[in-house]
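Participant: Got a structure here, written out as structure tokens. Questions coming.
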Amino acid sequence: PSLSSSHLSSSSSPKIAFLFLTNSDLHFLPLWNRFFRTAKTSRYNIYVHADPTVNITRPTKSVFDDRFIPNAKRTFRASATLISATRRLLATAILDDPANAYFAVLSQYCIPLHSFNYIYRSLFTAKTFDLTSNSSDLTQYGVRVKYKSFIEIISKEPRLWKRYVARGRFVMMPEVPFEDFRVGSQFFVLTRKHALLVVKDRTLWRKFKLPCYRASECYPEEHYFPTLLSMQDPDAVTRYTLTRVNWTGTVAGHPYMYKPKEVSAKLIYELRKSNYSSSYLFARKFSPDCLKPLMGIADSVILRD
């Protein structure tokens, strides 16, 4: 397939591929079912990578029926297995449907912050959604011609050097010099061009799948994707993610987890605010027992444009 900067898919009706990484039940399945309820099936696909060593309930009578990919492998936090699982999801979605144009990686703790139609318009038709880009760079004669991937890429982070040498001082050389090493969220939205780039990569993958001897500094899933895209196609990425995360009160590298009493319309409106785009589209991390209060405001707040 063409890898031009404007390439999304070979289809005239592009779709969003929603890629779920999980090692537990899909806690917010009813919310996601309601999210997809008003969406045209010609505009999306769903794929789930579920850790096969965990007894996970397979949903029935929902949009997630038969959406669990068959070649899933065991995953561990802070290991290259999460890179592998994401690559497997991307490859499955690429091969499954040529209309898949954007690929959104999510977890079982993620929720949508808007309706499907709002998210679809933001990614495919809105000319001013990305506040960091000059609209004239994205349009020609008033028509949207260039699409970017929404992935966080950070070059200045206090522990970046320790993360870089987690496998050994010179292990990443010469393919990944320290000045090219990046960090960012593992939850992102990629164009088909970049999904193909990830799946085809062998050079950096050989480095990032090597074991670490400093486990406390080793988060390959937060390093591999930002580094690869920053090195291979830096001008076609936004350098920020569309998934809102609260890192205040971080415990053992985990982000803040919202509890049921905190769920409200005010929280949703606050989570949507972004300095980089018109709005965040997704958010994490919510405890499973947040489902009831989230469903209580689903139609009136979350999915209301």
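The values are calculated or read from the model by the stated rules, or taken from the named source; none is laboratory data. Everything numeric here is computed off the predicted structure, so don't read it as measured data. Ideal geometry is used to build each Cβ from the backbone, glycine not excepted, and the neighbour counts take in all protein chains shown. Just so you know, the surface numbers come from the protein's heavy atoms only, side chains and all, with ligands and any DNA or RNA stripped out. Shrake-Rupley method; radii C 1.70, N 1.55, O 1.52, S 1.80 Å.
Participant: Can you work out which of the residues in region 268-287 that are assigned to a loop (DSSP other than H, G, I, E, B) and hydroxyl-bearing (S, T, Y) is nearest to Y109 (Cα to Cα)?
Facilitator: Ranking the candidates gives S287 first.
Yes or no, residue by residue, for (1) touching a residue at least 12 places away in the same chain (Cβ under 8 Å); (2) open to solvent by 10 Å² or more (accessible area, probe 1.4 Å):
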site	(1), (2)
T75	yes, yes
T81	no, yes
T86	yes, no
L95	no, yes
N100	yes, no
A104	yes, no
C110	yes, no
I119	yes, no
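Participant: In region 121-135, what count of residues is obtained for those that are surrounded by fewer than 17 Cβ atoms within 10 Å (Cβ to Cβ) and within 22 Å of G184 (Cα to Cα)?
Facilitator: Looking only at that region, the number is 3.
Participant: Still on this structure: Could you list, in sequence order, all residues of region 237-267 that are within 20 Å of I119 (Cβ to Cβ) and assigned to a helix (DSSP H, G or I)?
Facilitator: A265, L267
Participant: Going by the conditions given, is M173 over 30 Å from D299 (Cα atoms), loosely packed, with under 14 Cβ neighbours inside 10 Å and hydrophobic (A, V, I, L, M, F, W, C)?
Facilitator: yes
Participant: So, one more: Mind checking whether some residue in region 34-45 is buried (at least 19 other Cβ atoms within 10 Å of the Cβ) and within 26 Å of C218 (Cβ to Cβ)?
Facilitator: no
Participant: Let me ask you something else. Within region 187-228, how many residues turn out to be at pLDDT 95 or above, assigned to a loop (DSSP other than H, G, I, E, B), open to solvent by less than 40 Å² (accessible area, probe 1.4 Å) and farther than 15 Å from S155 by Cα?
Facilitator: Looking only at that region, the number is 3.
Participant: Can you list residue pairs whose Cβ atoms sit under 7 Å apart, with the first residue in region 151-171 being closer than 23 Å to P211 by Cα and assigned to a strand (DSSP E or B) and the second being open to solvent by 30 Å² or more (accessible area, probe 1.4 Å) and not polar (S, T, N, Q)? Count only pairs 6 or more apart in sequence or on different chains.
Facilitator: What qualifies is I154/R182.
Participant: Something else: Given (1) at pLDDT below 95; (2) open to solvent by less than 10 Å² (accessible area, probe 1.4 Å), where does V48 come up short, assuming only one miss?
Facilitator: The number of the failed condition is (1).
Participant: Mind checking which residues of region 232-258 are open to solvent by 40 Å² or more (accessible area, probe 1.4 Å) and not hydrophobic (A, V, I, L, M, F, W, C)?
Facilitator: Q232, P234, D235, R239, R244, T248, G249, T250, H254, Y256
Participant: Among the residues of region 288-303, are any surrounded by fewer than 18 Cβ atoms within 10 Å (Cβ to Cβ) and within 25 Å of G184 (Cβ to Cβ)?
Facilitator: No, because not a single residue in region 288-303 is surrounded by fewer than 18 Cβ atoms within 10 Å (Cβ to Cβ) and within 25 Å of G184 (Cβ to Cβ).
Participant: A follow-up question, please. Give me the pairs: first residue in region 27-53 and under 10 Å from V63 (Cα atoms), second residue of a type in the set (D, E), beta-carbon distance under 9 Å, and six or more apart or on different chains, which are they?
Facilitator: Here the result reads R34/D299; N45/D96; N45/D97, each pair linking region 27-53 to a residue that is of a type in the set (D, E).
Participant: Which of the residues that make up region 176-186 are open to solvent by 20 Å² or more (accessible area, probe 1.4 Å) and touching a Pro at 6+ places or on another chain (Cβ under 7 Å)?
Facilitator: R182
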